[in-house]
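Rule-based calculations on the coordinates, nothing more; no lab input. Nothing here was measured: the structure is a model prediction, and the numbers come from that model. Counting neighbours? That spans all protein chains shown, and the Cβs are built from the backbone with ideal geometry, glycine included.
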């Protein structure tokens, strides 16, 4: 008999603790070699991870434990924690059969499967499965807690492209290995001859995910994805063409600055390094960066970060009225070194960011104004990325070179998600999460 859903945070905390205790007593006791120790440590310390398993299994601890056991064994078998571009055959990246690109109408990242490019082959089956795991793990680390929308593009595909074992594996990735990760699974333009095969797939999903399966024609897919993120053969306007290298999942670009879009990112960083440091010092004379300005929403909360305190801690609010189209982010350097920072966005034509790239002295603060440009409105597809790294004594005039050379593991990243603009005198939110 299914257990009732917890009514409050206290009940949920008890469920999480019960799940952990039973995991240690019933599963870890069997063998210390059964799981990757890194996954065990995460399960024992990350409440959100355990909560995800519980919610995906309707708060039934027995079912959640089975899911945890299956998931952690799979992660060790596939070496998920150690998957990288160098461990996946290059030709898989070059085919473009699987990749991340664009967003659906709810702001969920799109995970594309070009079915016509998939050919069933037992010799490459394991590598293909690891390739899917690589993308899922990469996204999970970049966007923790953010779901994906899977799109099976069935255009020009046929029976020879259907690999039921591979499809079942993809389903299990979301059903078992990555709880709460699936927003929806959209099957686009499916040939009638494949109806029987996809009825089987539907049975694999189970009751908790069956409502997430959507069969759509070219016209119906517009209910889920706007034309700007659909390819022309689906009636969209997205000019994106897959190529490798590099990996096509990083949509962040340098935003528009006060004098218009930059020609190159290097030019942006080198020129703004000089100009924007001056702007920060002169902020009391600039209507764009004065916190007291009625046109800039002041942050009310603060996140205590390892390199910088960030205000607001979670939400940057926009409205659609003329006096609500600017938001303020305040960065405070909490280290003993100069910290460089830069802001990138997936919608550079819509936003002006000032300063978008500069540095901050130890103990000092920098006001960053994010402004909606022209007649644009914020939308769920827009993303922001705030990057910060200690400079260890390097001067601001060396910013462009610094960002080329700084190791990735030394960069702190804040990823931001926007919601649609609301009517005047109301606001929308940019949810800021910390990774790195």
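A few notes on this one:
- Fewest-first sequence of 220, 405 by Cβ atoms within 10 Å of each Cβ: 405, 220
- Cα gyration tensor shape of segment 90-234, rounded if a/c is under 1.5, else prolate or oblate by comparing a/b with b/c: rounded
- Beta bridges per DSSP with both ends in segment 90-234, % antiparallel, nearest 5: 20
- Difference of contour (0.36 nm per residue) and Cα-Cα distance, residue 196 to residue 84: 36.7 nm
- Relative exposure of 38, 57, judged by other C-beta atoms within 10 Å (fewest first): 38, 57
- Between residue 120 and residue 25, the C-beta separation translates, for a Förster distance of 45 Å, into a calculated FRET efficiency of about 0.60.
- Length-normalised contact order of segment 90-234 in % [C-alpha pairs under 8 Å, at least 6 apart]: 25
- 19 Å reach of a label modelled at residue 42, 7 Å along Cα-to-Cβ, counting backbone N of segment 159-183: 170-183
- Estimated from the Cβ-Cβ distance and a Förster radius of 41 angstrom, the FRET efficiency linking residue 302 and residue 168 is about 0.30.
- Shape call, segment 9-77: gyration tensor on alpha carbons, a/c limit 1.5: prolate
- Order of 128, 14, 66 - criterion: other Cβ atoms within 10 Å of each residue's Cβ, fewest first: 14, 66, 128
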